[in-house]
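The structure under discussion appears below in the form of structure tokens.
The values are calculated or read from the model by the stated rules, or taken from the named source; none is laboratory data. Since this is a predicted model, take the numbers as computed values, not measurements. Note that we place each Cβ from the backbone using ideal geometry, even for glycine, and neighbour counts take in every protein chain shown.
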Amino acid sequence: MSVPLHLVILAGGRGERARRPDDARPKQFVQVAGRPLFAWSVARLASHPDVASLALTCPEEFAATSAVELEAAAPGVPHVLAAPGATRTASTLSALEALAVAQRPGAEDLVAVHDAARPLVCEDLLARLAAAALRAGGAVPGTPVTDTTVRLGADGRLEYLSRRDLRGVQTPQVFRWAPFLAAHRRAAAAGQTFTDDGGLMAAAGRAPALVEGDAGNFKVTTSEDLAAVTARLALS
Ligand code: CTP
Ligand code: MG
């Protein structure tokens, strides 16, 4: 069984940590191998056969060119642009509200939220997440932690954590439309912010399922990451 899948691509951040002295654009709008960085994840995810629509959070000054790039990366997929919020959580809700008006997703539809800063995402990961979200209501991708990891106590003491129990969590993250929108609206009313949507759903009592993530699906955070991803995409 499959249901319509709506994509939310978050490209509303300032990209401060990846900023280069010679380029004022946030990382997701830097031109990489022929298209802006954000358009790579759009192209890779929109090829999934269940994708019914797409919302992009994007600052006003990039809206006109982004609309053109969206049409090229996801031809024929209805899309809507949404103003970014002050936080990632607020940007996600902004995109959901724009989708609610423009597409009226069904309560049981799925929505996948993805950071534009992860351009190497693949359709197979989205398909596995969607299948898990159909069963569990929500699913996030997690990868094993490879560094030894410690918690730094207030007294400066280190507590060594068991790596076996830890995962790094990526995007995309997939949820059923109606409970996801409701949880986001409640979090906004309560003034709560989260670093990801799975965390927001867990706080609402709907912790998502964990799906095996993809080590190649890394997030561009620094200017070194941007250089690395540019080299990878130039070869693709
Ligand atoms: N994002 C967003 N709206 C915000 C903040 C972040 O849409 N108010 C998006 C970013 O564009 C990015 C994703 O959320 O695709 C993950 O955020 P991050 O990697 O932290 O990007 P930035 O916040 O832009 O970078 P920085 O924290 O270095 O300024
Ligand atoms: Mg940030």
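Can you spot a residue in region 80-93 that is surrounded by 15 or more Cβ atoms within 10 Å (Cβ to Cβ) and away from ligand 1 (no atom under 16 Å from the Cβ)? Within region 80-93 (the criterion being surrounded by 15 or more Cβ atoms within 10 Å (Cβ to Cβ) and away from ligand 1 (no atom under 16 Å from the Cβ)), the answer is no, since none of the residues qualifies.
Filter region 1-30 for residues that are modelled with pLDDT of 95 or more, away from ligand 1 (no atom under 14 Å from the Cβ) and out of contact with any Phe, Trp or Tyr (no Cβ under 8 Å at 6 or more places or on another chain) and give the result. Result: Val3, Pro4, Leu5. The single residue among Ala100, Ala63 that is among the hydrophobic types (A, V, I, L, M, F, W, C), free of Cβ contacts under 8 Å to residues at least 40 places away in the same chain and either surrounded by fewer than 18 Cβ atoms within 10 Å (Cβ to Cβ) or within 19 Å of Pro172 (Cβ to Cβ) (or both) turns out to be Ala63.
Of all the listed residues (Leu96, Leu120), the sole one being within 17 Å of Pro4 (Cα to Cα) and either within 15 Å of the chain's Cα centre (by Cα) or aliphatic (A, V, I, L, M) (or both) is Leu96.
Determine, yes or no, whether Leu81 is without any contact (Cβ under 8 Å) to a residue 40 or more places away in the chain, closer than 21 Å to Trp177 by Cα and either in contact with a helix residue (DSSP H, G or I) (Cβ under 7 Å, 6 or more places away or on another chain) or assigned to a helix (DSSP H, G or I) (or both). Spelling it out, Leu81 is indeed without any contact (Cβ under 8 Å) to a residue 40 or more places away in the chain, closer than 21 Å to Trp177 by Cα and either in contact with a helix residue (DSSP H, G or I) (Cβ under 7 Å, 6 or more places away or on another chain) or assigned to a helix (DSSP H, G or I) (or both). Could you tell me whether region 46-65 includes any residue that is within 15 Å of the chain's Cα centre (by Cα) and within 16 Å of ligand 2 (Cβ to nearest atom)? Yes, some residue in region 46-65 is within 15 Å of the chain's Cα centre (by Cα) and within 16 Å of ligand 2 (Cβ to nearest atom).
The residues of region 36-59 that are of a type outside the set (Gly, Ala, Ser), in a strand (DSSP E or B) and within 21 Å of Arg176 (Cα to Cα), listed by number, are Val51, Leu54, Leu56, Thr57.
Matching residues to (1) of a type in the set (A, V, I, L, M); (2) closer than 22 Å to Ala11 by Cβ:
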| residue | (1), (2) |
| --- | --- |
| Val111 | yes, yes |
| Ala116 | yes, yes |
| His184 | no, yes |
| Ala190 | yes, no |
| Phe194 | no, yes |
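Put simply, of Thr171, Thr230, Thr221 the only residue that is assigned to a helix (DSSP H, G or I) and either buried (at least 16 other Cβ atoms within 10 Å of the Cβ) or of a type outside the set (A, V, I, L, M) (or both) is Thr230.
Taking every residue in region 115-142 that is in a loop (DSSP other than H, G, I, E, B) and pairing it with any residue that is within 16 Å of ligand 1 (Cβ to nearest atom) and of a type in the set (Phe, Trp, Tyr), at least 6 positions away or on another chain, the pairs with Cβ-Cβ distances below 8 Å are Ala116/Phe38; Arg118/Phe218; Pro119/Phe38; Pro119/Trp40; Leu120/Trp40; Leu120/Phe218.
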